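The values are calculated or read from the model by the stated rules, or taken from the named source; none is laboratory data. Model, not experiment: these values are computed from the prediction. Cβ coordinates were reconstructed from backbone atoms using ideal geometry, including for glycine residues, and neighbour counts include every protein chain displayed.
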Amino acid sequence: MTEMTIPIGPQHPLLKEPLSIELDVSGERVVGGRVNIGYVHRGIERLCQQRTYAQNTALVERICGICSHAHTTAYCQAVESLMGLAIPERAAYIRVLMCELERIHSHLLWLGVLAEAIGFTTIFMYAWRDREMILDMMEELSGGRIAHAANIVGGVRVDISPEQVELLLQRLRAFDEQMAFFRELIDRDRSFHRRTLGIGRVSLDMVHAYSMVGPPARASGCDVDLRRDAPYAAYSSLAFDVITADGGDVWSRAQVRLQETIQSVRLCQQVLQELPEGDLATRAPRRVAPGEAVARVESPRGELFYYVRSDGSDRPARVKMRTPTLPMLLALQYTLPGLETADVAAVIAGADLCIACADR
Amino acid sequence: MDIAIRLLQVLVFPGTLYLVAMALFLNWVDRKLVALWQGRVGPPPFQPLADLIKLLAKEDITTKGTPAVASALLPIAAMTCTMTASLFVPVGNDVIHSFQGDLIVALFLLSFPSLAYFLAGWITPSVYGVLGGNRALLQYFTYEVPMLLGMAIPAVYSRSWSIMTLVDAQHGYHWHLFVLPIGFVVALIGLIGKLERVPFDIPHAKSEIGAGPLTEYSGRKLALWRLTVMLQTLVGINLLVAVYLGGADRIWLQWGFLVYLAKVVVLMVGLAFIQVLYARLRIDQMAEIGWRLLVPLGLLQMVVTIWIGG
C-alpha cells in the first residue's frame, strides 16, 4: 500500500480549535502521527503579570470558552489562599452551582462533537439543543452564556433569589429526563457502539505514565476526582458519586461523561435546596503579602492547576497554569498509530481537547 | 411533428426540466425533514435552487496538478449518464423510450457516475480527494452487487428485462414488494450505498477527509456534481418505484402521475428517516454488511424466485 500523510488541521472540519495533526497512513491504517500545538497562544500567563489581582479574574476567564468558570475558580482560590481569605458559605455554594452547570454543558458539547465526528448528526443536534437549556440557566444567573464573570477574589458576584431557585429546580428536572434519554441511547444504540466500542483504548498504565486526569483517566479505571479527594468550595458537604469505568475506550468515556452529567444535576439540586444565607463576598485587599500558593480544581476535563506567586505589589509576579489537555495531547500522539483512519476522528473528538486552554 | 413531441418529451416532461425540478424538490424534502427530525428549522423550499445558482455563479478554480480537461469532463459525463438512464425509467405512465433490456442499460448507465466520482477524487493532488476516491471505489464494489441483484430479482420473477413490462406485470396491485420483500430491502440498501447517504456516507466523511473526492472542486463543476447526486437520487427512486412498487399502477393519466408522485415522496421520506437514525459506518463495516449480509440475502431471494418459477 502507498504511504501518505494526511494533514488534519490547523483548519479541518473535525477540529473546533486550531491544532495540527499529521497522520502517516498506509492504506486505511495509521502508522504514525505528530501533534503540533501553539496556534492560539496568546501569552496570557505573561499578561497576568501586568494586571492587578482583580483584573486577572476577567483575563483568565477568557482563556477558554468552555471551562471559563473553572479557570476563575482556580485562580480565585489561589489568590484567596495567598491572602488568607475565607469566602462566605453562600459564595462557596454558588461557585459549586456554576461549576456543575459548566460541567454539564461541557460534557454535552463533547457528546455533540463526538457524535458529529462519527457522522451521527442527529445526536449532535440533540446534544447541542439540550445544552442550550443549561446555557440559558447560566445566562439568567450571571448575564453571560460563556463568560459568566461569576467569581471575584473573595467570593462571587451573582446571587440567586428564592424564585430563581424554584425555577431552576423545575428546569433541572426537565433536563434530567433528557439525560435519561441520552443514557439509554449510549447504552443501546448499535450504530453508536460500532464506532466507539473498543476504539482508542488507553490502559491504566498509560494513564499513570502520562499523568492523564479527569474523565479520560476515570474511564480507564483511575479513581481520581478532586471534588472528593481534595474538596474545595462546598464540595465536602455535598453528596455525589465519582464515576469510573474500565474500558478506556471512547465508549467508556461517553459512559463516564454522561453519568457525571447526571451526578452534576444531583449536585445542582442539592446546592439549590441547601443554599445557605449570608454574604456573597468578603472584601479582598489590593496588595498581597509576598508568598506563593497553588490551587487545584476539577474542571470538566480534569484537574486544573494554578500557581500564583506574589512579590508584595498589587500585581502577581507569576501565574502558571497546567491544564488537563496537556497530558491528553501527549497521550494522543501514542494512541494514533495502529488505528483505522476512520477511527481517528472518533479518537481525537473523544479526547475532548481544549486547545485554547493548552495554548493560552 | 413526431420529432417535436419527442424533443418536448426529452427536454420538458418527463425529461430534463421535470427531472431537475423534481430532483431539487426531493432535495428540499430530504433536507427539511431531516432538519425537523433533528430539532432544527430547515431550509425554505427554494433553497436547493438558490444553492445551485449560487454555486454556478461562483469562481471555478482548478488546482495546480489537476488535469483541467478531465476535471471538467467528469461531472458532465456523470450527469449525462444519469440523464440518459432516466430515458428508460418511467415517470408516472410516461416513458421516453422502452425496449427489452432497458433495465440493464439503465443500471449500467447509473453505475458510471460512481466511477466518475472515484476518478474525480483520484486525479486531484489532494490527499483527501485521493483517499475519498479510494473509498468511493471500495464502496462501489460493496453496494453495486447487492443493488444489481436487488434490481434483477423482479426481472427474473416476471421474466422480462424491460422496465415498462415489469410495471405492467405488477398490474392490479401485485407489487413485487409484496412477493419479493427481501429483494426490495437489498435493493434499497444498495441504493443508499450508491447515493452515499448515512450510514454509508464514507467517501465524503466530513470529519475524516473533508469533502472527499470533491474537496478540490468549486463553482460550476461542484454545482454539476451536486445536481448529479440529486438526479441520481430521483432516478434511483423512480427505478425502485417502477420495479418494486408498481409504478403508476396503470391508473388513468393524471391520477396515475399523482400515484407515482406519492410513492416517490414516500420513498424519499424513508430515505430521510434512515438519514437521522444512524452513525456513519467504517468502510470495513460497510463491506461486511454488503458481502456477509446483503449478497447472501439477495442470492437467497434469487434462488427462491427461480425455484417458485414466477
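B:Phe141 meets the conditions (1) buried (at least 23 other Cβ atoms within 10 Å of the Cβ); (2) farther than 13 Å from B:Leu239 by Cα; (3) of a type outside the set (S, T, N, Q) in every case but one. The failed one is (1). Checking each residue of the range B:92-104 against the condition of being among the aliphatic types (A, V, I, L, M) and modelled with pLDDT of 90 or more gives at least one match.
Looking at the range A:225-264 only, could you name the residues that are of a type in the set (Asp, Glu) and surrounded by 19 or more Cβ atoms within 10 Å (Cβ to Cβ)?
A:Asp225, A:Asp249, A:Glu260
A:Leu97 meets all of the listed conditions (1) more than 19 Å from the chain's Cα centre (by Cα); (2) more than 14 Å from chain B (Cβ to nearest Cβ) but one, namely (1). For the range A:259-300, the tally of residues that are acidic (Asp, Glu), assigned to a helix (DSSP H, G or I) and in contact with a Lys or Arg (Cβ under 8 Å, 6 or more places away or on another chain) stands at 1.
The number of residues in the range B:189-204 being assigned to a loop (DSSP other than H, G, I, E, B), buried (at least 23 other Cβ atoms within 10 Å of the Cβ) and touching a Gly at 6+ places or on another chain (Cβ under 6 Å) comes to 2. For the criterion of being in contact with a Lys or Arg (Cβ under 8 Å, 6 or more places away or on another chain), away from chain A (no Cβ under 14 Å), crowded, with 17+ Cβ neighbours inside 10 Å and of a type in the set (A, V, I, L, M), B:Leu297 fails.
Can we say A:Pro337 is touching a strand residue (DSSP E or B) at 6+ places or on another chain (Cβ under 6 Å) and surrounded by 23 or more Cβ atoms within 10 Å (Cβ to Cβ)? No. The range A:204-257 holds helices (runs of 4 or more DSSP H) entirely within its bounds, and those carrying 1 or more residues that are β-branched (Val, Ile, Thr) map to A:204-209. Is the range B:209-228 home to any residue that is more than 30 Å from B:Ala57 (Cβ to Cβ), more than 14 Å from chain A (Cβ to nearest Cβ), touching a residue at least 40 places away in the same chain (Cβ under 8 Å) and not in a helix (DSSP H, G or I)? The answer is no; no qualifying residue exists.
A quick yes/no check of all residues on (1) among the hydroxyl-bearing types (Ser, Thr, Tyr); (2) out of contact with any Pro (no Cβ under 9 Å at 6 or more places or on another chain):
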{"position": "A:Ala209", "(1), (2)": "no, yes"}
{"position": "A:Gly214", "(1), (2)": "no, no"}
{"position": "A:Ala219", "(1), (2)": "no, yes"}
{"position": "A:Asp229", "(1), (2)": "no, yes"}
{"position": "A:Tyr235", "(1), (2)": "yes, yes"}
{"position": "A:Thr244", "(1), (2)": "yes, yes"}
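Per the listing A:Gly27, A:Gly32, the residue uniquely surrounded by 15 or more Cβ atoms within 10 Å (Cβ to Cβ) and closer than 30 Å to A:Thr121 by Cα is A:Gly32.
Considering only the range B:1-19, state which residues are out of contact with any Leu (no Cβ under 7 Å at 6 or more places or on another chain) and surrounded by 14 or more Cβ atoms within 10 Å (Cβ to Cβ). Listed by number, the residues that qualify are B:Gln9, B:Val10, B:Phe13, B:Pro14, B:Gly15, B:Thr16, B:Tyr18.
Of A:Ile8, A:Ile66, A:Ile37, which residue is within 30 Å of A:Val153 (Cα to Cα) and modelled with pLDDT of 85 or more? Steps first, answer last, please.
Numbers: A:Ile8 fails: within 30 Å of A:Val153 (Cα to Cα); A:Ile37 fails: within 30 Å of A:Val153 (Cα to Cα).
Every option except A:Ile66 fails the conditions.
Candidates are the residues of the range B:252-289 that are within 15 Å of B:Ala205 (Cβ to Cβ) and charged (D, E, K, R); the one that is nearest to the other protein chains (Cβ to nearest Cβ) is B:Arg280.
Determine if the range B:230-249 includes at least one residue that is away from chain A (no Cβ under 14 Å), surrounded by fewer than 20 Cβ atoms within 10 Å (Cβ to Cβ) and outside any loop (DSSP other than H, G, I, E, B).
Taking the range B:230-249 as the starting set, the residues that turn out to be away from chain A (no Cβ under 14 Å) are B:230-249.
Okay, now just the ones that are also surrounded by fewer than 20 Cβ atoms within 10 Å (Cβ to Cβ), so B:249.
Remaining after also requiring outside any loop (DSSP other than H, G, I, E, B): none.
Within the range B:230-249, none of the residues are away from chain A (no Cβ under 14 Å), surrounded by fewer than 20 Cβ atoms within 10 Å (Cβ to Cβ) and outside any loop (DSSP other than H, G, I, E, B).
Residues of the range B:84-134 that are within 14 Å of chain A (Cβ to nearest Cβ), in contact with a Leu (Cβ under 9 Å, 6 or more places away or on another chain) and of a type in the set (A, V, I, L, M, F, W, C): B:Trp122 alone. Among the conditions (1) within 14 Å of chain B (Cβ to nearest Cβ); (2) out of contact with any Phe, Trp or Tyr (no Cβ under 7 Å at 6 or more places or on another chain); (3) crowded, with 22+ Cβ neighbours inside 10 Å; (4) among the hydrophobic types (A, V, I, L, M, F, W, C), A:Trp128 misses just one, which is (3). Residues that are within 14 Å of chain B (Cβ to nearest Cβ) and touching a Phe, Trp or Tyr at 6+ places or on another chain (Cβ under 7 Å): does the range A:133-153 have at least one? Yes, the range A:133-153 contains at least one residue that is within 14 Å of chain B (Cβ to nearest Cβ) and touching a Phe, Trp or Tyr at 6+ places or on another chain (Cβ under 7 Å).
A:Ala346: over 22 Å from A:Arg42 (Cα atoms), within 14 Å of chain B (Cβ to nearest Cβ) and surrounded by fewer than 24 Cβ atoms within 10 Å (Cβ to Cβ), yes or no? Spelling it out, it is not the case that A:Ala346 is over 22 Å from A:Arg42 (Cα atoms), within 14 Å of chain B (Cβ to nearest Cβ) and surrounded by fewer than 24 Cβ atoms within 10 Å (Cβ to Cβ).
For the range B:146-188, which positions are part of a helix (DSSP H, G or I) and in contact with an Asp or Glu (Cβ under 7 Å, 6 or more places away or on another chain)?
Across the range B:146-188, the qualifying residue is only B:Ile163.
Apart from one condition, B:Leu281 fits all of (1) more than 18 Å from B:Leu177 (Cα to Cα); (2) of a type in the set (A, V, I, L, M); (3) in a helix (DSSP H, G or I); the exception is (3).
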